[in-house]
Each structure stands twice: as structure tokens, then as C-alpha cells.
2 protein chains.
Amino acid sequence: MASKTTAASADKARRSLSRRRLLGEGGALLGSAVMGSIGGQALAEQPAPGSENLPPNIPDWMKAPGADMGSQPYGTPSPFEKNVVKNIQANLPQYISASGRTPIGDLDGIITPNGLFYERHHGGVPAIDPEQHRLMLHGLVERPTIFTMEDIRRFPSQSRIHFLECSGNPVYTKPYGKTASDLVGLLSCAEWTGVSLKLVLEEAGLRPEAKWLVAEGADAAALTRSIPIEKCLDDAMLVYSQNGERLRPQQGYPLRLLLPGFEGNMNVKWLRRLKAVTEPAYSREETSKYTDLMPDGTAREFTFYMEAKSIITRPSGGQQLRQKGFHEITGIAWTGHGKIKRVDISVDDGKSWQEAELQEPVLTRALTRFRLPWHWDGEPAVIQSRAIDETGYVQPTFAELTSVRGVNSYYHNNAIQPWRIDAQGQVTNANA
Amino acid sequence: MASKTTAASADKARRSLSRRRLLGEGGALLGSAVMGSIGGQALAEQPAPGSENLPPNIPDWMKAPGADMGSQPYGTPSPFEKNVVKNIQANLPQYISASGRTPIGDLDGIITPNGLFYERHHGGVPAIDPEQHRLMLHGLVERPTIFTMEDIRRFPSQSRIHFLECSGNPVYTKPYGKTASDLVGLLSCAEWTGVSLKLVLEEAGLRPEAKWLVAEGADAAALTRSIPIEKCLDDAMLVYSQNGERLRPQQGYPLRLLLPGFEGNMNVKWLRRLKAVTEPAYSREETSKYTDLMPDGTAREFTFYMEAKSIITRPSGGQQLRQKGFHEITGIAWTGHGKIKRVDISVDDGKSWQEAELQEPVLTRALTRFRLPWHWDGEPAVIQSRAIDETGYVQPTFAELTSVRGVNSYYHNNAIQPWRIDAQGQVTNANA
């Protein structure tokens, strides 16, 4: 990266922001009342004595009792949020190549609610009875075993917050899509609970010659992937819960493999079989799919870890800045290789970069929320973020990525995503 | 606390556990196959050559494509989890004293999914149009202001994970209830996103003589509480999102006050008004309700912070241990005063205590998941947990609590909750 990064620039921006009082900026002082560009409308005058406890408008919903609870033993969002749903791509054969993206441009923080967690499956979503479900562990183990869900639940448990990302997020073809969700919505983050795979393998007596586990899902695609044994003996989990409750059917109910930082499809859902072997299976999903055709004609395969990446979610494509003045720039960053170390933001089309603030705690292989205060002067601008992870890896531009990978790759696009803001404040994909 | 705590006992229990191999315990070795008390059924024999890739049973759900996604743009749990819902107390007047408890005995980790977040309201759930909603900030401020939701959203944001707990969780009358949810289900935890209240007050020019903020909700009860200004200038937030998405209606959509660690009802939902004043309002919710009648006839009032507390959620009331041998004991601990420092567990009716493992990261004013490996010998037992927070405060027994508070108190019961396990493995409330 040739561009300059000012490490102290976020602090500077915040100091500048605090000098320029938010409520007052761009507004006119009217006595003690303020009409600001951010802070709301001033009260026209102080309420008259005796009426000062009366708020300005008594809304209808205060005039009669509200809804009771009996009708919602399991709650749902407000009807006013009915458009915040998964972004389901039209014209894809549902049973073969279905995907539903998380509306990341509408979300805050790092936790994705279960109802909006992204989904991607290859044979539809099976309706599995957990009483009937079994996990078979066999191959190079001393004690081949079939587990019920109750067996799995009796093992010592652990919970960790991790992201999951599809390796085609987005695919390489000239980045299409209008919104952050169109581009990078095959990405979500949750608190997962389950069992250490290492513990289960040790209990079953994993043989030293085992170098891979072949994992198979109980869907109609019998999705199959080969997992290097090192990962299985590191932080891999057999997961049954997500954000406190049991997995949703779309996430592998009642049991999935979780390989923190590995590409999404390796985290096999509806997990029914683990076979310890000496060689990978070279299954469909690791040969004809999820490999990258390089300029020299070879295939880049078994690329397990998702590389460092970030995207600005607000402001992002499809949104609008309705007035100049203060706007927070915020987004999410992540890396399969551990923790995010730094996120830089440029508001001048990549000429200069400022360091964003990272939301604490920064967790390993989890989404990391970043924020930067920004004063928009009303002129057209291109904004973008780049992530740096704890290994020192820097998220590349799309041009940098294609200079290495060529133009025949399809998966594993972690390029910087720039957004264009026009003079009317409309935000669009600067690559489209 | 007179009982002995062995700080190193969790390590000891874990070492003992690892010596006693999980898969083998209580089971009979059959060649290389194991029928264990925890680890599942052994394969009767190795699969015959050529059939070794065939799992033992091909379930029906692998034989045809599963469900597509179009029908679930906002996902819901598996139909097999239909009984994991909020625990809504019968025979309470819905509009006056409604509550729905989180099924904490069925949940894992520390995040509560939004659909199961506990609810408690005094005038039903208003259906608020966010475009019409306003927050008025007035009283002892230089610039009284009315904010739209868009104004609020433009302020710099922050996200933090915090618990919320009702002060009547459970009420003091001899602890009733069969399950963990019956007793302590008015408790949940989420990642909240919103605006620092301190920032908004500074922008509005809070006057130095302001000592309290009176907060009012836009429900039919116009629920009103007085908040000490020190809390408003510390970690208080104006919250619009919960676990990534906008607040649910039951949680105050579109805006609530969040006062981390303060009793639930002070975290005013559907927030419409904040008035800076010199004295508290002495509203209904801080006089006739949410105060504790002490033995000397005085009322204990304005008890803001919830004290340290914990509960074992598995095994807990209504559950059953189906066989002796290994069982993990797990539960949740929390304190309004900061971080949980330690959780002790007794499996011998309080005679001795072992230190549990705390799930990392331990966060301030958030639920903390604890775990302890345990070998149940099949004999009747009483198990219980006690939390110690970073101030050194130790969760009391019910007897210790009533010795101070007397028998006329109703709220703020943070006593230790013991569970009785009988010889059949049935778990019941040892206080009932």
C-alpha cells in the first residue's frame, strides 16, 4: 500500500468533532434552542409553567393499552422493520444453488440475529428430527462410535463468538451488486455453543496416521468436505446452539461442524459423519467448486482460511446522506487468521487513510465493528475501508487481487469495496 | 461464608475427568468398540469393505431435496424446538402486570436470542411508528431539543453486551417455581447499539445543577423513573438496536434507555422524554413499587444496581439426569457492579465448594457462563452456585438475605438457588 496512514488520525478526528459541537453544526442558534444538522429540532419555546410536564405530542399509542404477550411466545421484529429481511437472490435454482444474504447494511454491532443469519445450501434445507439424528465417527479411530444428540450434549461444552463467510462473497466477476448485502452479505457472526472436536476425537482414540477428517452432511446433497487434522485438533467444534438457542434448520439443525475462520461450506451443516483418513476425499466441493483457476492454468485448492476483509456498512450502497455535516462511518472487519489489528478508512478515493476505532472486545475470528467520525462537506466522495490483521496482512484492492489471481478466479475475493457518494448524498457501488 | 472453597478444585476435577475416559466410563469394551455412559453407541462392527462409506442409516431427509428459502426471508426455529418459548405467567392481567420469562434452562452461552428475550411491561406493548416517534430532552439543559429517530441515529454509535434483569426475579415470597426460568427467567443478555447519553447531554448543554433525569416511556402506562445524573454521565445509552437488528417492540422499539447493571424497569422502553431536574420525581415505580419494606418499617428505595447472582441452568428444575456418570454443571452469573470474579459450585448441599471455569471473555455487566465437570454417583444430591463479583461481594443464601431484609421485602432477591437431584435423576427446586 503506497498510501499514507495516519495512526493518530482517528483521535484527531474525534478532537475536531468535539470542538465542532454536534447539535450546533450547520444550524442557527435561536436563543437557547438549536436547529442543528444532527441534533434534532429545538423546542420553539420553553413549555409554559404548569404545562412543563406535557410532552409536545401525545401519540395515539399512549392513549390505550398496547398489545399483550400471549400471541408472541416467540417474538418477532416490529412490522415497521418488515423490509429488513434476508436478501434472497432471484432466479437461482432453489435446490441447487440457494443463498440468502444477511442485510449487513441495516445491522449494528457484531452479532447477527438468528433470523437474519446468511444461508447457503446445495440440496435444500432438510427437516431433521433431532431424536433420529446420528453422528457416526469412524475410520482411523480406535473406537468407532455413533452418537445421538443427547450423547453430544453430555460432553463438556464451550461457547465462542465467530464469524462465518461463504467463499463466494462476492464472486470475482466484476463486483456486481448495489448494496453492502448484495456484495458481502454471505457473512454473519454468532455466539456458538458445542463440543470441542479435539475432545471427541481423543475420546474415540484418533490414530496417529489420520491426517484428514471427511465430514458429511445429512442434506440431499450429502455435502462432503475434507478437513485437515490440525484444524480438527485446534479450535474446531461440534455445534448445536447459536446465539443461545438451538441451531436454526438453515444453519444445520441439530448439529454442524464449526471451523473458525475456514470458508463457509467446510463448516458442514446437518453433520452426520466424520471419517478419519490419510488423504482428502477430493469431493465435488473441493475440486469442481470452491477452487480458483489461476493464470497459469493450475487450480488453487484447499484454501481453508478466509483472508482479512472489511466493508463500510454505513454509509453504503442504496443509502443516502440527507444533509452535509457530521456522519459516522461504520462497518465490519474480519479475518480467518485471528484478530483484526487495524482498520483504515479513506474518504478521498484512496489518497489518504485514517485509522478507525475498533469496538472492544476484539475477538479472534469474529466480526470487529469499526467506527470513524466524519464531516461530509457535501462534495462527491469515494469512501472505503481496508483491514489489517494480526499477521500483518493488508486487505488488497480489486486491482491488486486480480494482478495475482488473474481474471478466471471465482471465489475468495476479499478486495476493498469503495462506495461513491454523489452531491445529492446518494451512495452507490464505485466498482459497478 | 463459612464453607471451604478450593481454588484449585476445578483443575483437579478436570484432571480427574481426563483420567476417567469419557467414552469408556460405565461402559463395556467390546473389541475396539465402546458402549459408554456418555459417548454414544459403538458401531457393532467395522463396515464391510466396499460399504465403508455408507453411513448406518440413510434418513428420509437425505432422499429428496429439502425446503427452499423463499418462505423464510426472516428465519424461525426448527418446529422440533416449538416448546422453547417465553414462559408467560398465566392469570396475570396482561395490560397491568405482564411478564414473559426467558427459558434460561434451555439456552447456552451468554447471548439471548431476541425472540426469547424476557419482557415485562405495565401498559401493554405500544405499536410505535418510528417516523412519528420523538424524544424530548428538556429541563435543566441549555438547548432543549426534540429528536427524531434519524437524529438519534446520526450521533456516533457504540455497541456493548449487557444483561438486563427485572428486580422481581424472583420475588421474595418463599422462592416458588419449578424451573430456572420460573425462578430467574426475567433475565436476558444482548449486544446493544445506541448513543452515549453523556454525549447527548453534553451536546444539549446539561446545567451543573441537574442531579437527576426523569425518563418517561411512550406506553399507556407512561412509565416514569428518576435516574441519578452520575449514571447518565457514565455508561448510560440511548439504544435502538439489539443483537444487530432494531429493538423488538417488547424491548422498547424504536428507542430505549439502557442503564447497564440497573434494575430492569429503570431502562425505560419506548423512551420519549428526558427531563433534567434537581430532585427525583418519586414516581409510582420508585415509591409504591420496586422498593423494599424493611424490618424496621422503613422503605429501601432507589436501589439501582442489581447485586451479584448466579444460577445453575443445567442440570436445573424440570430436567433429568438419565444415567450416572459424567455431567457438566453449567449456568450463568452476573452483577450490576461490574465483572464476575468467581463462581463456586457445591454438589454436597453447601458443605464444600469448587471453583467453576468462567467463559471468556468475562464482560462488565454481562452474563458470564460458568462450567464445572461433575461425576454423578447416582445418589441424591443438592447442587448450587454462588457468584462473587469484582467488588468482593458474595451472593448470599436465602436465609442470609432474609436475616437482613426481613420477610416483608418483595423485590431484589439475589439468593443462592439450590436444586435437588433425587436417585432417579429428577431435578427439583430444593427451596420449594
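Read-outs throughout are calculated quantities, based only on the coordinates presented, and are distinct from any laboratory measurement. These numbers come from a predicted model, not from an experiment. Positions of Cβ are generated from backbone atoms using ideal geometry, with glycine treated the same way; all protein chains shown enter the neighbour counts.
B:D235: net charge of surrounding residues, Cβ under 10 Å, Lys/Arg +1, Asp/Glu -1, itself excluded? Please report the intermediate quantities before stating the final value.
Details: positive: B:R160, B:K198, B:K231, B:R365; negative: B:D234.
Charge balance in the 10 Å sphere: +3.
Closest beta-carbon to the B-to-A rotation axis: which chain B residue owns it, and what is the separation in whole Å?
Residue nearest the B-to-A axis, with distance in whole Å: B:P361, 3.
Could you size up the charge dipole of the stretch A:262-387 around its Cα centre, putting +1 on the beta carbon of Lys and Arg and -1 on that of Asp and Glu, and report it in debye to the nearest 20? Walk me through the intermediate numbers first.
Details: 19 positive and 17 negative charges, 130 e Å.
Dipole magnitude for the stretch A:262-387 comes out near 620 debye.
Given label points at 7 Å from Cα along Cα→Cβ, what nm distances, shortest first, separate A:A127 from the same residue in every other copy?
Once sorted, the set of distances for A:A127 reads 3.0 nm.
In nm, what does the list of distances from A:G378 to its counterparts in the other copies look like, shortest first, when each label sits 7 Å along Cα to Cβ?
8.3
Grab the stretch B:309-429 and count how many Lys pairs have their alpha-carbon atoms under 26 Å apart, sequence gap of 8 or more, or different chains.
Numbers: B:K309/B:K339; B:K309/B:K341; B:K309/B:K351; B:K324/B:K351; B:K341/B:K351.
Eligible lysine pairs with Cα atoms under 26 Å apart amount to 5.
Taking the Cα centre of the stretch B:87-300 as origin and charging only Cβ (+1 Lys, Arg; -1 Asp, Glu), how large is the dipole, in debye to the nearest 20?
Details: 24 positive and 26 negative charges, 55 e Å.
It works out to roughly 260 debye.
About the Cα centre of the stretch B:81-151, how large is the charge dipole given +1 on each Lys and Arg Cβ and -1 on each Asp and Glu Cβ? Please answer in debye to the nearest 20. Working shown, then result.
On the way: 6 positive and 9 negative charges, 67 e Å.
Result for the stretch B:81-151 is approximately 320 debye, rounded to the nearest 20.
How many angstrom separate the Cα center of the stretch B:324-369 from the Cα center of the stretch A:226-249?
24 Å
For B:K275, list the lysines whose Cα falls under 28 Å from its own Cα; do not include residues on the same chain fewer than 8 positions away.
Correct list for B:K275: A:K63, B:K198, B:K211, B:K231, B:K289.
If you split all Cα-Cα distances of the stretch A:309-429 into 10 Å bins from zero, what percentages do you get per bin, shortest first?
Histogramming the stretch A:309-429 at 10 Å steps yields 14, 44, 32, 11, 0 percent.
Would you be so kind as to identify which of B:I332, B:G378, B:S409 lies farthest towards the positive end of the dipole of the stretch B:309-429, taking Lys and Arg as +1 and Asp and Glu as -1 on Cβ and the Cα centre as origin?
So the residue furthest toward the plus end is B:S409.
If you take every residue apart from B:G331 with its C-beta less than 9 Å away from the C-beta of B:G331, what net charge results, scoring Lys and Arg +1 and Asp and Glu -1?
Neighbourhood net charge equals +3.
Please report the net charge: other residues with Cβ closer than 13 Å to the Cβ of A:N265, K and R +1, D and E -1. Provide the component values of the computation, followed by the final result.
On the way: positive: A:R120, A:R225, A:R256, A:K269, A:R284, A:K289; negative: A:E119, A:E165, A:E216, A:D219, A:E263, A:E285, A:E286.
In short, -1.
Assume the label is 7 Å from Cα along Cα to beta carbon: what separations in nm does A:E202 have to the matching positions in the other copies?
Distances to the matching label points in the other copies: 4.9 nm.
Report, for the stretch A:87-298, the % of DSSP beta bridges that are antiparallel, rounded to 5.
Numbers: 39 of 43 bridges.
If we restrict to bridges inside the stretch A:87-298, about 90 percent are antiparallel.
For B:C166, B:C189, what ranking results if the residue with the fewest other Cβ atoms within 10 Å of its Cβ goes first? Intermediate results must be reported in sequence, preceding the final value.
Details: B:C166 23, B:C189 27.
Sorted ascending by nearby Cβ count, the order is B:C166, B:C189.
With an 8 Å cut-off on Cα pairs and a minimum separation of 6 or more residues, tell me the relative contact order of the stretch A:214-260 in percent.
Relative contact order comes out at 30 percent.
For the stretch B:123-268, what's the radius of gyration and Dmax over Cα atoms, in angstrom?
Considering the stretch B:123-268 through its Cα atoms, Rg and Dmax are 16.0, 53 Å.
When ranked by the protection proxy of mean other Cβ atoms within 10 Å per residue, highest first, what sequence do the peptides A:220-233, B:403-416 form? Provide the component values of the computation, followed by the final result.
Values: A:220-233: 19.8, B:403-416: 17.7.
Order by mean packing, descending: A:220-233, B:403-416.
Please compute, for peptide B:119-131, the average count of beta-carbon atoms on other protein chains lying within 10 Å of each residue's beta-carbon.
On the way: counts 3, 1, 5, 2, 5, 7, 9, 9, 7, 7, 6, 3, 1.
The mean count of partner-chain Cβ atoms within 10 Å per residue comes to 5.
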